[in-house]
Each structure stands twice: as structure tokens, then as C-alpha cells.
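> Just passing along the structure, written as C-alpha cells.
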Amino acid sequence: MVKLIHTLADHGDDVNCCAVSSSLLATCSLDKTIRLYSLSDFTELPHSPLKFHTYAVHCCCFSPSGHILASCSTDGTTVLWNTQNGETLAVMEQPSGSPVRVCRFSPDSTCLVSGAADGTVVLWNAQSYKLYRCGSVKDGSLVACAFSPNGDLFVTGSSCGDLTVWDDKMRCLHSEKAHDLGITCCDFSSQPVSGGEQGLQFFRLASCGQDCQIKIWVVSFTHILGFELKYKSTLSGHCAPVLACAFSHNGQMLVSGNYKAVFIVFQNTENVLHTLTQHTRYVTTCAFAPNILLLATGSMDKTVNIWQFDLETPCQARSTEEETKQFPEDWSEDDVSVWLCAQGLNDLVGIFKMNNIDGRELLNLTKESLADDLKIESLGLRSKVLRKIEELRTEVKTLSSGIPDEFLCPITRELMKDPVIATDGYSYEKEAMENWISKKKRTSPMTNLVLSSVVLTPNRTLKMAISRWLETHQK
């Protein structure tokens with residue numbers, strides 16, 4: 001379903017980043033250069049490589065139109081290039097002079113963000129090339145950045161593990177410890193999560209880090225309700241630091257890279273579809289083409305691989321009947337094996353296959369059957385399997401009901417009737433949260449951090465959205 005169709009080996013050092021427009025592929029490297037290739041035949045353009053930076057080039061990105069390419073470097077500059085002829089349009093110097101690690105265009109091309117090793121983040125006017133606003137994070141280097149699809153906010157990730165959210169006026173909305181050992185990359189899905197309506201929009205955000213994990217978040221932002229960053233799940237199939245992650249253009253696939261391997265995850269079930277192992281060192285970057293089924297991956301092995309997806313891949317649009325086959329109860333034994341690997345339970349694949357455990361059998365497993373029938377002796381391992389199965393049952397319940405996940409209370413996993421916002425920024429069913437607090441739990445059910453206050457604020461906007469959804473779907 002995925003095949004390697006081309007390998008580029010023109011860089012003389014580690015490939016740090018690659019970016020894809022509708023017609024071009026850009027790559028940048030520790031060798032101080034940026035290279036441009038045609039997507040039609042992967043030949044290098046006549047004006048490539050682009051040379052200006054005096055030190056390593058860490059990141060490159062196309063403007064939404066593809067006519068401008070931005071690159072940033074240890075030399076403290078962010079450079080804008082004309083992709084048609086390779087001419088330099090502007091050289092923007094980070095005010096602090098610190099090495100610039102990441103740069104991103106806003107969806108409407110009006111702004112460009114650059115993040116530096118000293119924690120400074122700059123919002124540039126992409127038309128006048130002038131500095132618009134400047135800020136900074138508390139600790140660590142800024143190494144990751146992503147704009148929400150509607151352009152209302154952007155997220156930065158730091159080497160200390162913090163996700164920081166900024167609005168389009170450069171005001172800090174939220175900061176949260178997301179990865180213990182530092183964030184390496186983050187990306188928004190371009191497709192809203194079901195349930196966003198009349199100004200209430202939800203977007204999926206992926207972050208990855210040195211802790212070998214990929215975390216999925218749901219982000220909402222309205223001028224009435226404000227901002228909410230809600231943890232959804234963790235993908236823990238990697239066994240080494242995850243250095244890159246990216247959503248496909250339609251939001252149905254998530255790709256990630258770590259030591260020699262690229263994982264492709266199908267988002268509807270968070271199952272691993274493919275593992276690509278052609279790189280010989282760490283995979284540092286990955287990027288989907290916007291209009292065709294191509295994926296570019298770059299590595300410390302100095303190469304860029306181009307992958308093509310079969311027309312039968314699940315990232316293609318499916319009919320409702322076909323999508324129902326992705327429900328866990330319809331999984332084959334092989335699907336269960338893939339799920340076990342994605343949960344870090346590789347050692348159990350043989351046991352489950354020997355006992356012919358398919359999706360339906362998986363959902364019916366109990367602590368007794370794990371111990372007596374499957375002979376899993378470790379209590380800790382049985383507990384982990386049961387916890388993962390319970391998460392899967394919850395997902396099945398949500399998928400079967402069609403209720404948007406954002407409308408479910410994180411504590412009860414039931415549709416909220418009287419949602420309230422706690423001081424951790426998350427929304428809960430009022431009665432469930434009051435019961436939680438009454439049991440002397442002054443910690444957040446979502447983050448386990450101590451709540452600064454037990455005051456609960458009615459979430460009227462979310463309550464209205466739930467009411468509208470009920471009127472539409474339960475007549």
C-alpha cells in the first residue's frame with residue numbers, strides 16, 4: 001500500500017527538514033543549503049541549491065500558495081526565497097541574534113512565526129517583512145510550531161516539554177507541560193473534529209517528543225468561550241525519541257519518525273498502518289504533499305525518501321459501509337496484532353494469535369480470561385491490557401453513538417448535561433466534578449496537577465452546542 005519511489009541523496013550532511021507544496025519539494029540540511037525539486041519527476045531545479053545561510057539550516061516551509069519559501073538557521077536569520085527563481089526576498093534577523101530553530105507561515109500567508117534557541121518567538125509581517133510582535137517562553141529552546149487551520153492561534157513547543165498557545169495578536173493563551181523530556185515537533189490536522197459549529201471549532205493537534213511518545217490533543221478556541229487544550233490520547237508504539245510528526249492533508253493519517261523507522265497511523269482508530277524502515281539513521285522530518293498521495297521523509301543518513309500511497313489506502317475517502325469495518329469489533333486477528341504493537345504490547349502478539357483473538361473476542365476479555373485462558377502471569381501486564389481494552393471499549397461506545405468526543409465528560413465518558421469549566425481549563429459534567437472534589441481530590445482528573453481553585457464556571461457555550469447537536473441528531 002506504500003512504496004518507496006525515489007531517494008534523494010544530494011545533501012552532504014543530516015537532513016533537518018523537508019516541506020512540500022503543490023508542485024515542489026524543499027529540503028534543508030546541516031550542510032547550510034536548501035534544495036528544491038520538482039514533484040513531477042524529482043529533478044533538482046536549476047537555481048538549486050539555495051545558499052545564503054552561514055550555518056546549519058534547521059527548518060524550511062512554503063507559503064500556502066507555494067510561491068515563497070522560508071528557511072531559518074543557526075546564524076540567527078529567517079530568509080524568504082522566491083521559489084520560481086531562487087532570489088532572496090528578505091533576510092529577517094531574530095532580535096536576540098539567537099539561532100532560529102523553526103519557522104511557519106500562517107494559513108493566509110500574512111504572518112510568519114520564527115522561534116529561537118533562547119525561547120524568543122517573533123511574529124513577522126510576511127508582506128512588509130517587518131517585525132509585528134515578539135514574545136518568549138519561560139524555559140528552553142523553541143523547536144516546534146504549528147498554526148491552527150483557521151489561523152486564530154498557533155502553538156509552539158519547547159525543548160523543556162512545554163506546549164504554549166498564542167493567539168494571532170501574540171498573546172499567550174496557555175502553557176502546559178506536554179512531554180517530560182522535551183518536544184520535538186507538533187502539527188495540526190487540517191480537518192475540524194466533528195461537533196464544531198457556529199463559532200465552536202475543535203481541531204486535533206499532535207505533539208511528539210524525546211519521551212518516545214506521540215500525544216493527541218483537541219484544541220478549541222472561540223472569542224466567547226476562550227481557549228481549551230484537551231488531552232485525548234497517547235500513541236506509545238515508538239521505542240526511541242520521536243523527532244517528527246505530520247498529518248496528511250485530509251487529516252486521516254498521522255506519520256511519525258524515530259530511529260530508522262517511519263510509523264503511519266490511521267487516525268480513526270489510532271492503529272499503525274505501516275512501518276517504513278528504509279532509513280539507516282534517525283528520521284528527522286516528514287511531510288505530506290497537499291494534493292497527491294506522496295510522503296517525503298528526511299533523515300540523519302543524509303537522504304530524503306519519497307513514498308507513494310496506493311489508491312486503496314485508507315486515506316482515500318470511504319463510504320459509510322466501508323468505514324464501519326474499522327470498528328474494533330470487526331477487527332481480524334491481524335488487526336488485533338497491529339493494535340497490540342501500537343500499544344507497546346508486542347510480546348503478547350503470539351499469545352493472542354495462538355488463542356485466535358479477533359476484535360470481538362478482544363473487547364470481551366476480562367481479568368479472569370487473561371489469567372486463566374491466555375495464561376498471562378504478570379499482574380501488571382494484565383492490568384495494562386485491561387486498561388487499554390477499556391479505552392478501546394470507550395472509543396467503540398463513542399463511535400457507535402456518534403457523539404462528538406468533546407461533548408463527553410472526561411470523568412464519566414457520558415454526554416454532559418450541565419458542563420462546567422474547572423481551573424485546569426477542562427470541561428466536566430458538574431455533578432461528576434463536584435463528586436470528584438468532594439472526595440478530597442484537589443487534583444485535575446486530566447493532568448493530575450493540583451487545582452488552583454475548586455471554583456467551577458458554567459460552560460454555557462458548550463451547553464448550547466450540545467443542545468443544538470441533540471436537536472439535530474436525536475429527533
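The values are calculated or read from the model by the stated rules, or taken from the named source; none is laboratory data. The structure presented is a predicted model; accordingly, all values stated were derived computationally and were not measured. Note that each Cβ is placed from the backbone with ideal geometry, even for glycine, and that neighbours are counted across all protein chains shown. Protein only, heavy atoms only, side chains kept; ligands, DNA and RNA dropped before computing areas. Shrake-Rupley method; radii C 1.70, N 1.55, O 1.52, S 1.80 Å.
> Which listed residue (Ser48, Ala244, Gln308) has the Cα farthest towards the positive end of the charge dipole for the chain, taking +1 on Lys and Arg C-beta and -1 on Asp and Glu C-beta about the Cα centre?
Result: Ala244.
> Relative to the Cα centre, what is the charge dipole magnitude of the stretch 405-474, using +1 at the beta carbon of each Lys and Arg, -1 at the beta carbon of each Asp and Glu, and rounding to the nearest 20 debye? Intermediate values should be presented prior to the final figure.
On the way: 10 positive and 9 negative charges, 53 e Å.
Charge dipole of the stretch 405-474: 260 debye, to the nearest 20.
> Any idea of Asp334's accessible area? Nearest 10 Å², probe 1.4 Å.
100 Å²
> Tell me the trypsin sites (Lys or Arg not before Pro) within the stretch 345-383 that lie in a loop according to DSSP and have at most 11 other beta-carbon atoms within 10 Å. Before the final figure, lay out the partial values.
Working: sites: Lys353, Arg360, Lys367, Lys375, Arg382; in loops: Lys375.
Passing both the DSSP loop test and the Cβ count: Lys375.
> Something else: For the pairs Lys51/Lys302; Lys215/Lys439; Lys367/Lys441, note any where the Cα-Cα span goes beyond 23 Å. Please report the intermediate quantities before stating the final value.
Numbers: Lys51/Lys302 18 Å; Lys215/Lys439 29 Å; Lys367/Lys441 28 Å.
Those over the limit are Lys215/Lys439; Lys367/Lys441.
> Please check the chain for the longest run free of GluC sites (Glu not before Pro) that are loop-located per DSSP (anything but H, G, I, E, B) and have at most 16 other Cβ atoms within 10 Å. List each step's numbers first, then the result.
Working: sites that count: Glu87, Glu312, Glu377, Glu414.
By the stated rule (loop sites, at most 16 other Cβ atoms within 10 Å), 88-311.
> Work out the FRET efficiency for Glu176 and Val91 from their Cβ-Cβ distance, taking R0 = 45 Å, and round it to the nearest 0.05. Write out the running numbers ahead of the final one.
Values: r = 34 Å, r/R0 = 0.76.
With a Förster radius of 45 Å, E is 0.85.
> Per residue of the stretch 78-91, what does 6.51 cos²θ - 1.76 cosθ + 1.60 with θ = phi - 60° give for ³J(HN,Hα)? Whole Hz please, x for Gly and Pro, Karplus curve as stated.
10, 10, 9, 10, 7, 6, 6, 10, x, 6, 7, 8, 6, 10
> Over the chain, give the accessible area per residue in Å² for a 1.4 Å probe, as an integer. Each step should come with its number before you reach the end.
Working: 20900 Å² over 475 residues.
Here the residues of the chain average 44 Å² of exposed surface.
> OK, next. What does the charge dipole of the chain about its Cα centre add up to, to the nearest 20 debye, if the Cβ of each Lys and Arg holds +1 and the Cβ of each Asp and Glu holds -1? The partial results should precede the final answer.
Values: 42 positive and 53 negative charges, 227 e Å.
In debye, rounded to 20, the chain gives about 1080.
> In whole Hz, with x marking every Gly and Pro, tabulate ³J(HN,Hα) for the stretch 328-344 from phi via Karplus 6.51 cos²θ - 1.76 cosθ + 1.60, θ = phi - 60°.
For the stretch 328-344, the Karplus-derived couplings read x, 5, 9, 5, 7, 4, 5, 4, 5, 4, 4, 4, 4, 5, 5, 8, x Hz, x marking Gly and Pro.
> I need the calculated FRET efficiency for the pair Thr54 and Asn82, taking r as the beta carbon distance and R₀ as 22 Å, to the nearest 0.05. Please list the in-between numbers first.
On the way: r = 21 Å, r/R0 = 0.94.
Once the sixth-power term is evaluated, E becomes 0.60.
> Does anything in the stretch 1-16 have its amide N under 20 Å from the 7 Å Cα→Cβ label point of Thr280, and if so which residues?
4-16
> So, in nm, how far is label Thr472 from label Ser453 when the simple model puts each one 7 Å beyond its Cα toward the Cβ?
Between Thr472 and Ser453, the label points sit 3.3 nm apart.
> Hey, another quick one. List the chymotrypsin sites (Phe, Trp or Tyr not before Pro) within the stretch 95-160 that fall in a DSSP loop (any state other than H, G, I, E or B) and whose Cβ has at most 15 other Cβ atoms within 10 Å. The partial results should precede the final answer.
On the way: sites: Phe105, Trp124, Tyr129, Tyr132, Phe147, Phe154; in loops: Tyr129.
Passing both the DSSP loop test and the Cβ count: Tyr129.
> Apply the Karplus parameterisation 6.51 cos²θ - 1.76 cosθ + 1.60, with θ equal to phi minus 60°, to every residue of the stretch 419-436 and state each ³J(HN,Hα) to the nearest whole Hz, in sequence, with x for glycine and proline.
Running phi through 6.51 cos²θ - 1.76 cosθ + 1.60 with θ = phi - 60° gives x, 10, 9, 8, 6, 7, x, 9, 9, 9, 5, 4, 4, 5, 6, 5, 5, 4 Hz.
> Multiply the residue gap between Asp372 and Glu329 by 0.36 nm, knock off their C-alpha separation, and tell me the result in nm, one decimal place. Display every interim value, and only then the final one.
On the way: separation 43, 0.36 × 43 = 15.48 nm, distance 2.25 nm.
Result: 13.2 nm gained on full extension.
> Another one. What's the carbon and sulfur percent of the stretch 328-400's accessible surface, probe 1.4 angstrom, rounded to a whole number? Don't skip to the end; give the middle numbers.
On the way: 1930 of 3980 Å².
Summing carbon and sulfur atoms, their accessible area is 48 percent of the total for the stretch 328-400.
> Gain in length, Arg393 to Met464, computed as 0.36 nm per residue apart minus the alpha-carbon separation, to one decimal in nm?
Values: separation 71, 0.36 × 71 = 25.56 nm, distance 2.78 nm.
Length gained between Arg393 and Met464: 22.8 nm.
> Determine the alpha carbon to alpha carbon distance for each of Lys230/Lys463; Lys3/Lys353; Lys430/Lys463; Lys232/Lys388 and list only those over 19 Å. Provide the component values of the computation, followed by the final result.
Values: Lys230/Lys463 17 Å; Lys3/Lys353 28 Å; Lys430/Lys463 12 Å; Lys232/Lys388 14 Å.
With Cα atoms farther than 19 Å apart: Lys3/Lys353.
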